[in-house]
Amino acid sequence: MDFKDLLLIEPLQRAVKEEGYTAPTPIQEQTIPALLEGKDLLGCAQTGTGKTAAFVLPILQKLHLGRKITRNPRALILAPTRELAAQIGESIRVYGKYVRISSAVIFGGVSQNPQVFALHRGAEIVVATPGRLLDLMNQGHVHLQDIEFFVLDEADRMLDMGFIDDIKKIIQRLPKKRQSLFFSATLEAKVVAFARTLVHDPVHVTITPEKPTVEKIQQSVYFVQKEKKDALLVHLLSRPEMKRVIIFAQMKHIANKVAEMLNHSGIRADAIHGNKSQGARTVSLDRFRRGSVRVLVATDIAARGIDVEGISHVINYELPMEPETYVHRIGRTARAGAEGQAISFCSAHERHSLIAIERMIHQQIQVIKEHPFHSESAMHATGAAPSGQRFGRGRGRRGGGRRGGGRRDGGRGGDREGGRSGGGHEGRRR
Ligand code: AMP
């Protein structure tokens, strides 16, 4: 299928073509025609499926073709995090570059002045996180009576993050007559119950990309002693094919240490985690996107919602404790049809995490021994047979390492990111 077949207008087709999209993704095929017809939508899909374009393109088209004179926003998109809101805002700019639709992105943690300015200048589409939007509504800077399109993105995460009351307050201010789109990665009962209050006679679309995505990723594991991980990392990063790399660490201070170590070794790297200000994170992400820094060291929470194209490698400097988090991490590469590689470092005390991951993905990850830092003792830490039969029961952690004796939330809670709806939720979902 082609974008033309979806009845998208030429300026939008041109924009997606310039982005290098040759064909719509399944969610785009299924949602765009229905949304152009004016239907409500209940979508079960997550990031990586092309869902942003699936709702942004029809909204841009409808706003463009049905011009109206108002200074108030006509489309409202709510997202749970500032990173996601910023990314949706960026997609609107990219897909909308030939239709001249104004937009504003609103989120907390930064000065409200530029956002207020953008609203007063007139924004046809507003992308917002709920808290800051409510603030600005209460201050009289934004009026929702002209909203024709309302999108709730990552609704399950919004509920988990405790945004329900804010969202309800926002919905009360929307006109009854509108087109509503509800996206969630899961459709648990409470999510569906909430969706029912929002969408009317919706088209249902379910996309489950997880397996095919993981299958496209070339996965490997390097057994290495903990103290040799830095040397192995520098060794691997010297390869020219390591073009754009995200390195995952469990804890903020490890992410910092790894980034510092790389910079000392002459490899430019930025760390992003919850202790960094929004401004610092945005700068790091921009540098990473532009390619002036090719290595980003991230914690799981900070990496949420990051969508950078062309990530060639994901490196698990430390294996996550929840196998679902592994799947989510490696999904950063091989986006939308591209190929990607995921490399995991595994020391003796991480063997049980590896076993849990392999059980979940129903495959054994290829072991790479041909490197100067291979550790036989790490590889055999669980008493696995040398023939490569590596399933079996782990002996548990050794040495009472800094990850805290098997507690799910880590022994040094102050450093491991998580908190409120933290990694547990993310793990469950993906
Ligand atoms: P999303 O699920 O919206 O976060 O999109 C995931 C990634 O897929 C983004 O990097 C998009 O730029 C990319 N993408 C979206 N639609 C297409 C498409 N039709 N063809 C290729 N890439 C796409």
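The values are calculated or read from the model by the stated rules, or taken from the named source; none is laboratory data. As the structure is a prediction and not an experimental result, all values here were calculated from the model. No Cβ is skipped: glycine too gets one built from the backbone with ideal geometry, and neighbour counts run over all protein chains shown. With ligands, DNA and RNA removed, areas are computed over all heavy atoms of the protein, side chains included. Shrake-Rupley method; radii C 1.70, N 1.55, O 1.52, S 1.80 Å.
Restricting Ile77, Ile27 to residues that are outside any helix (DSSP H, G or I), at negative phi and not small (Gly, Ala, Ser) narrows the list to Ile77. Scanning segment 262-287 for residues that are at pLDDT 90 or above, open to solvent by less than 40 Å² (accessible area, probe 1.4 Å) and part of a helix (DSSP H, G or I) yields a total of 1. Mind listing whichever residues of segment 329-359 are open to solvent by 20 Å² or more (accessible area, probe 1.4 Å) and modelled with pLDDT under 85? Once the filter is applied, which keeps residues that are open to solvent by 20 Å² or more (accessible area, probe 1.4 Å) and modelled with pLDDT under 85, segment 329-359 yields Arg335, Ala336, Gly337, Ala338, Glu339. Residue check: Val203 meets all listed conditions (1) hydrophobic (A, V, I, L, M, F, W, C); (2) in contact with a Leu (Cβ under 7 Å, 6 or more places away or on another chain); (3) surrounded by 20 or more Cβ atoms within 10 Å (Cβ to Cβ) but one, namely (3). Residue pairs whose Cβ atoms lie under 7 Å apart, separated by 6 or more positions or on different chains, with the first residue in segment 28-43 and in contact (Cβ under 8 Å) with a residue 12 or more places away in the chain and the second in a strand (DSSP E or B) and surrounded by fewer than 18 Cβ atoms within 10 Å (Cβ to Cβ), are Ala34/Val203; Lys39/Val203; Leu41/Val203; Leu42/His204.
Within the option set Ile246, Ile254, Ile311, Ile315, being buried (at least 21 other Cβ atoms within 10 Å of the Cβ), assigned to a helix (DSSP H, G or I) and aliphatic (A, V, I, L, M) holds for one residue only, Ile254.
Within segment 53-72, the set of residues being in a helix (DSSP H, G or I) and of a type outside the set (Val, Ile, Thr) comprises Ala53, Ala54, Phe55, Leu57, Pro58, Leu60, Gln61, Lys62, Leu63, His64, Leu65.
Mind listing whichever residues of segment 81-111 are among the basic types (Lys, Arg) and more than 13 Å from the ligand (Cβ to nearest atom)? Answer for segment 81-111, where residues must be among the basic types (Lys, Arg) and more than 13 Å from the ligand (Cβ to nearest atom): Arg82, Lys97, Arg100. Summed over segment 65-85, residues that are surrounded by fewer than 21 Cβ atoms within 10 Å (Cβ to Cβ) and at pLDDT 90 or above total 6. Select, from Gln145, Gln179, the only residue that is of a type outside the set (A, V, I, L, M) and either within 23 Å of the chain's Cα centre (by Cα) or surrounded by fewer than 18 Cβ atoms within 10 Å (Cβ to Cβ) (or both). Result of the check over Gln145, Gln179: Gln145.
With respect to Gln218, determine if the residue is within 25 Å of the chain's Cα centre (by Cα) and not in a helix (DSSP H, G or I). Yes; evaluated as a whole, the condition is true for this residue. Filtering segment 21-80 to residues that are of a type in the set (Gly, Ala, Ser) and within 13 Å of the ligand (Cβ to nearest atom) leaves Ala23, Gly43, Ala45, Gly48, Gly50, Ala53, Ala54, Ala79. One residue stands out among those in segment 30-52 that are part of a loop (DSSP other than H, G, I, E, B) and out of contact with any strand residue (DSSP E or B) (no Cβ under 8 Å at 6 or more places or on another chain): the one that is surrounded by the fewest Cβ atoms within 10 Å (Cβ to Cβ), which is Glu37.
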